[in-house]
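In what follows, a single structure is set out as structure tokens and then discussed.
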Amino acid sequence: MTYVDELELPSYLDHTPEVRQRLAEAASRAVVLEVDELCREFEGPGGSFLALDRISCKVRRREFISVIGASGCGKSTLIRILAGLDRPSSGSVRLDGQPVSGPGPERGMVFQGYTLFPWLSVKKNVMFGLRMKGVHSRVAEQRARQWLSLVGLEEFEDHYPSQLSGGMKQRVAIARALANEPRILLMDEPFGALDAQTRSSMQAHLLRIWETVDVTILFITHDLDEAIYLSDRIVVLGTNPGRVLEIIDVPLPRPRTPGVNVSRHFLATKRRLETLIHSSETSGKPVSASVRPRAA
């Protein structure tokens, strides 16, 4: 039994009036990304393997959505399909009502690995996508400096990736993704390789960026605290095959502060996430819930 298990906590479904108002406002916004009955099957030596089973959800403008689940639940497969780097076996993905059939600038992608070009300076890394789109070098340079200022790296524009810390490299990667002004930013465990202190700092950076920029974020993580701290809603995936167990409205007000992780609503949400993931790992079957998983 953990410390959280011993506490008397409110239901994770109990929302304060402030949180209910925030969730209602978010629910009134236009849908940016729609995933409908998405399946992905792979062929292997032993036959076919179903990695994702009828994944459905809707992501609305300026929402921050996290996807969590045990190892092997298909989180990275899902985000690769959303990015257009892989194709579903069935089902559909639509961005602003248009089918996703391949990569596109309207979807920015940030990986766990920093994926920066080591031979380019920080500024030129951020400029790269803009130049590929035909933006004049002077304009691209100006925009790159604006994004570097937003992520707090304007003083490092002439440095090279090898001269930066892990957290700084990831901030450059975020600036590069945002420079194309995507409709949605897809992030595949972007802070997974960072130490705890740097990770906490990057979470705060990301929230400040999200609060400043008109962008929707879909964030893959295995860290429950990170998902609760950052998100408006959390999509919980089960394993074997990957499927939606529940979509949880995070019962915390915004803006978030580091101390929120000891609040009763935070701990109640974490308890529910632990129950869902642990039960899915041990049983391999959908977990009964006090509310049905909803398609957002």
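Here's the list of lysines a cross-link from LYS58 could span, going by alpha-carbon distance under 30 Å and ignoring same-chain residues fewer than 8 apart: LYS75, LYS133, LYS270, LYS285.
So for the chain, taking the charge dipole from beta-carbon charges (+1 Lys/Arg, -1 Asp/Glu), which of GLY242, VAL151, GLY129 sits furthest toward the positive end? Comparing the listed Cα positions along the dipole, GLY129 ranks first. Partner aspartates and glutamates whose Cα lies under 20 Å from the Cα of LYS169, excluding those fewer than 8 positions away in the same chain, are identified as GLU141, GLU154, GLU155, GLU157, ASP158, GLU181, ASP188, GLU189, ASP195, GLU226. Evaluate the Debye formula for the chain with equal point scatterers sitting on the alpha carbons, no solvent, and hand back log10 of I(q)/I(0) at q = 0.10, 0.14 Å⁻¹, in q order, two decimals. For the requested q values the scattering log ratios are -0.56, -1.08. For the chain, the antiparallel share of DSSP beta bridges with both residues in that region comes to about 55%. Evaluated over the Cα positions of the range 116-181, the convex hull gives a direction-averaged projected area, one quarter of its surface, of 3.8 nm².
Specify the inter-centroid distance of the range 169-237 and the range 12-39, based on alpha-carbon positions, in whole Å. Using only Cα atoms, the two centres lie 18 Å from each other. Across the range 211-219, rounded Karplus estimates of 3J(HN,Hα) from the backbone phi angles (6.51 cos²θ - 1.76 cosθ + 1.60, θ = phi - 60°) give 6, 8, 9, 7, 9, 9, 10, 10, 10 Hz, Gly and Pro being marked x.
Every read-out reported here was derived from the displayed coordinates using simple, explicitly stated rules and does not represent laboratory data. All values derive from a computational prediction rather than experimental measurement. Using ideal geometry, Cβ is built from the backbone for each residue, glycine included, and neighbour counts are taken over all protein chains shown.
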